[in-house]
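Below: one structure, written as structure tokens.
The values are calculated or read from the model by the stated rules, or taken from the named source; none is laboratory data. Owing to the predicted nature of the structure, the values given are computational and were not obtained by experimental measurement. Please note: Cβ atoms are built from the backbone with ideal geometry, for glycine as well, and neighbour counts cover all protein chains shown.
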Amino acid sequence: MEQTLPRFILQNETEITKPLEIGFEKTCDCTPNKLNCMTGKEWIKSQLGVWQFTYEKRDIRDKTVHPATFPISLSRRVIELFTHKGELVLDPFVGSGTTLIAAQDLNRNAVGFDLQEKYLQICTDRLNSNAGLFSESWQMAIQDDARNISSWLPPESLSLIWTSPPYANLLNRKRKNKSRRNRDNGQLGKVEQYSQDERDLGTMQLDDYTLAMGDIFEKLLPLLQPKAHCVINVPDMWWENTRITIHVSLIEELRKRGYELRNIIIWDRTNIVNQIGIFGWPSNYITMGVTFEYLLDFWRPPVNDVKENK
């Protein structure tokens, strides 16, 4: 299928027609009652409430390239579970483009947004190097604030929102490496933050971050088809010996904004974490946030459910 859309749109490019004319209807032969194109055997694996993944050669692991990435295999699992071939996926905080790479692999259309041109250039380069000759789908990266996404896409065009957003101000502080006092891993004293742009959610305290996420996702809700899913990957964090429950804050806020929580999946990261330090020993028990994260699975409730709840 010949594409007229570019791979990469900068925020000052005014000649782009909105909303985007990008495909969002399924191209597979699945019956209307099917959630995805999976076989029963593949479905069973996804029903487990704890998921593990490994990295591959195409994954970005270097924190100097991007401070917070996730495996392509994780993105593939989420996209396969909640979409059909040809449908449209949105990542509001696309970063280095892992969501778009996975969508490209799976023949799903996808759009990703980010504030930082440097990350979107990495994303675009990855897409171009990964592109097949006979793809029937299109993936593109757009430099714009996630607060503006509703102007880019038509209502009820999305079959999935999937993202790993900034985790409030988790990264916006100097690394102390308390568990690694006797070894230098190159992180001591560094601030591994995306940017210091005032619009960047990674600069915000939890309360401001939660409200900003609520505002963004409230605008995204009309873009989702009824019963389409929205999956958000977040951890919790420790700050001055207090557990900051980012996942709880987001669940409560998105429920206020019209989303329904369907599932909480644990991403078990123990198989990809090296050299875990002894935090809190011997008197203060602390679960290691780097060893697991949450996949919060929401959906847009069916129209009848929304009317009944009003």
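Of note:
- Only one entry in Tyr285, Tyr294 is surrounded by 15 or more Cβ atoms within 10 Å (Cβ to Cβ) and at negative phi, namely Tyr294.
- Consider region 47-58 and keep the residues that are under 30 Å from Leu120 (Cβ atoms) and free of Cβ contacts under 8 Å to residues at least 60 places away in the same chain. The one that is nearest to the chain's Cα centre (by Cα) is Glu56.
One line per residue, one yes/no per condition, for (1) more than 26 Å from Val78 (Cα to Cα); (2) touching a residue at least 60 places away in the same chain (Cβ under 8 Å); (3) acidic (Asp, Glu):
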| site | (1), (2), (3) |
| --- | --- |
| Trp238 | yes, no, no |
| Thr242 | yes, no, no |
| Lys256 | no, no, no |
| Tyr259 | no, no, no |
| Ile272 | no, yes, no |
| Tyr294 | no, yes, no |
| Trp299 | no, yes, no |
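- Residue match in region 83-103 (condition: among the hydrophobic types (A, V, I, L, M, F, W, C) and surrounded by fewer than 22 Cβ atoms within 10 Å (Cβ to Cβ)): no
- The single residue among Arg76, Arg61 that is free of Cβ contacts under 8 Å to residues at least 40 places away in the same chain, touching a Phe, Trp or Tyr at 6+ places or on another chain (Cβ under 7 Å) and surrounded by 10 or more Cβ atoms within 10 Å (Cβ to Cβ) turns out to be Arg61.
- When the strands (runs of 3 or more DSSP E) confined to region 229-272 are screened for residues that are among the aliphatic types (A, V, I, L, M), those reaching at least 2 such residues are found at 260-268.
- Any pair with Cβ under 8 angstrom, 6 or more apart, that starts in region 134-152 at a residue that is over 20 Å from Ile216 (Cα atoms) and ends at one that is of a type outside the set (A, V, I, L, M) and part of a helix (DSSP H, G or I): Ser135/Gln104; Ser137/Gln104; Gln139/Gln104
- Qualifying helices (runs of 4 or more DSSP H) (wholly inside region 44-154; at least 1 residues being hydrophobic (A, V, I, L, M, F, W, C) and at pLDDT 95 or above): 72-82, 98-105
- Against the test of being within 19 Å of Asn109 (Cα to Cα), modelled with pLDDT of 90 or more and hydroxyl-bearing (Ser, Thr, Tyr), the options Thr4, Thr27 yield a single qualifying residue, Thr27.
- Hits in region 80-119 - residues which are among the aliphatic types (A, V, I, L, M) and over 18 Å from Ile149 (Cβ atoms): Leu81, Ile101, Ala102, Leu106
- Within region 253-261, none of the residues are surrounded by fewer than 15 Cβ atoms within 10 Å (Cβ to Cβ) and touching a Pro at 6+ places or on another chain (Cβ under 9 Å).
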